[in-house]
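Structure record follows, encoded as structure tokens.
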């Protein structure tokens, strides 16, 4: 009963607009004040302990690298390449949006950053070309989740840090699912665009144009390869990889493309600090909140309930996915990964699902929560850019959400989706 009361209070506070980090830190403090279970000074100590993980240093570095690459004219080059590759398909601008999200994912790793950056560029262009505002917002929002699947992924770094899993292995596991869901999104865009007779890029295809676009983007596209193979090959840690890519992104934008000024550089640093602070506040608050849920037996009960379906694997998979999707709708992805992630992973491993499969389902499932009401931040961001009503965007999101939910099922049913590339990379 106590667990239900505190979880209800958390949901109410979030729906009222209370910052989730503040709400999660407040509830354990209230419980301690009422019960005197432990000294109140334990709350800040647990917040410090939650942040005392070296892999988390990679988070601001990945964020800064994405900012620098965006300001360094990389986005324009990715747009040109995407237009030449898929722009001539019916619904060309929506196809470009999905492909740009896939390419930008390999440079940034943040779903929110992808929504804001690509949305500011593509949503006005789609609306001007006759696409409905709701469709434009939904395509942008849902395709941004690829940024949390294809490496580098901030979500995967966070999850690996709290579960002691290999970042390189989970990065490898995200490659095929990320590409697959991007192709699935393109299929949905095509079907809707044919039905609504949306535009397509009419300039005739030319290998010369394609080659020019590829040559202009080639330096930017090498950065994620350096990052991935550097981590997998043991050349540097994820944190060191973030530093290396930041340095290369700065050199690329400042001295190669010559589009990055010092003023833009300091502005990028400021945005990185603000976003990192918001993420780290939630991670810190998750420490005492996880302690509270453990004390009340909530996490143990959830794990025991899921494991009770061990003799009926299909039923376990359904329960597992329902928990992830519902939690994703009600709470921030960072909080879900830190608090629920380890419990869900332990339950999946106990019923015989590999840690790689389960990890990817958890990360992708919680990413899906960023585009679902009532707290989906990418959903809100895209709707705001499109200047469209939230309920209309929510309806337009339905086919895309269904496709990404199908991806979760495929990951559970087809181990090769997440196991093939890690095995190829030498992970056991």
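Scanning the stretch 51-71 for any residue that is without any contact (Cβ under 8 Å) to a residue 24 or more places away in the chain, under 30 Å from residue 374 (Cβ atoms), within 24 Å of the chain's Cα centre (by Cα) and outside any helix (DSSP H, G or I) turns up nothing. All conditions in (1) under 22 Å from residue 280 (Cα atoms); (2) in contact (Cβ under 8 Å) with a residue 24 or more places away in the chain hold for residue 380, with the sole exception of (2). If you take the residues in the stretch 380-407 that are crowded, with 18+ Cβ neighbours inside 10 Å and out of contact with any helix residue (DSSP H, G or I) (no Cβ under 7 Å at 6 or more places or on another chain), which one is farthest from residue 117 (Cα to Cα)? For the stretch 380-407, the residue satisfying everything is 394.
If you filter the stretch 307-319 down to residues that are in a loop (DSSP other than H, G, I, E, B) and loosely packed, with under 13 Cβ neighbours inside 10 Å, you find that the one that is nearest to the chain's Cα centre (by Cα) is 312. Inspection of the stretch 211-228 identifies no residue that is in contact (Cβ under 8 Å) with a residue 12 or more places away in the chain, in a loop (DSSP other than H, G, I, E, B) and either farther than 29 Å from residue 73 by Cβ or in contact with a helix residue (DSSP H, G or I) (Cβ under 9 Å, 6 or more places away or on another chain) (or both). In the stretch 181-218, the residue that is surrounded by the most Cβ atoms within 10 Å (Cβ to Cβ) out of those that are within 24 Å of the chain's Cα centre (by Cα) and within 28 Å of residue 246 (Cα to Cα) is 181.
Looking at residue 119, is it buried (at least 24 other Cβ atoms within 10 Å of the Cβ), modelled with pLDDT under 85 and under 27 Å from residue 356 (Cβ atoms)? Talk me through it step by step, then tell me what you get.
Details: buried (at least 24 other Cβ atoms within 10 Å of the Cβ): yes; modelled with pLDDT under 85: yes; under 27 Å from residue 356 (Cβ atoms): no.
No; evaluated as a whole, the condition is false for this residue.
Exactly one of (1) over 27 Å from the mean Cα position of the chain (by Cα); (2) assigned to a helix (DSSP H, G or I); (3) farther than 30 Å from residue 52 by Cβ is unmet by residue 304. Its number? So the condition that residue 304 fails would be (3).
If you check 81, 68, 99 for being modelled with pLDDT of 85 or more, touching a helix residue (DSSP H, G or I) at 6+ places or on another chain (Cβ under 7 Å) and within 23 Å of residue 264 (Cβ to Cβ), only one passes: 81. Taking each residue of the stretch 1-22 that is over 18 Å from residue 284 (Cα atoms) and looking for partners that are exposed (fewer than 15 other Cβ atoms within 10 Å of the Cβ) and modelled with pLDDT under 75 with beta-carbon atoms closer than 7 Å, six or more apart or interchain, yields 15/374. Checked across the stretch 283-298, the condition of being surrounded by fewer than 20 Cβ atoms within 10 Å (Cβ to Cβ), more than 27 Å from residue 342 (Cα to Cα) and touching a residue at least 12 places away in the same chain (Cβ under 8 Å) holds for no residue. Against the list (1) in a helix (DSSP H, G or I); (2) within 25 Å of residue 402 (Cβ to Cβ); (3) touching a residue at least 12 places away in the same chain (Cβ under 8 Å), the condition residue 191 fails is (3). Considering only residues that are in contact with a helix residue (DSSP H, G or I) (Cβ under 8 Å, 6 or more places away or on another chain) and not in a helix (DSSP H, G or I), which ones fall in the stretch 236-260? Scanning the stretch 236-260 gives 236, 237, 257, 259, 260. Within the stretch 128-155, the residues that satisfy the criterion of being at pLDDT below 90 and in a helix (DSSP H, G or I) are 128, 144, 145, 146, 147, 148, 154, 155.
Counting the residues of the stretch 75-93 that are surrounded by 23 or more Cβ atoms within 10 Å (Cβ to Cβ) and within 20 Å of the chain's Cα centre (by Cα) gives 1.
The values are calculated or read from the model by the stated rules, or taken from the named source; none is laboratory data. Here the structure is a predicted model, which means the values were calculated and not measured. Neighbour counts are summed over all protein chains in view; Cβ atoms, including those assigned to glycine, are modelled from backbone coordinates with ideal geometry.
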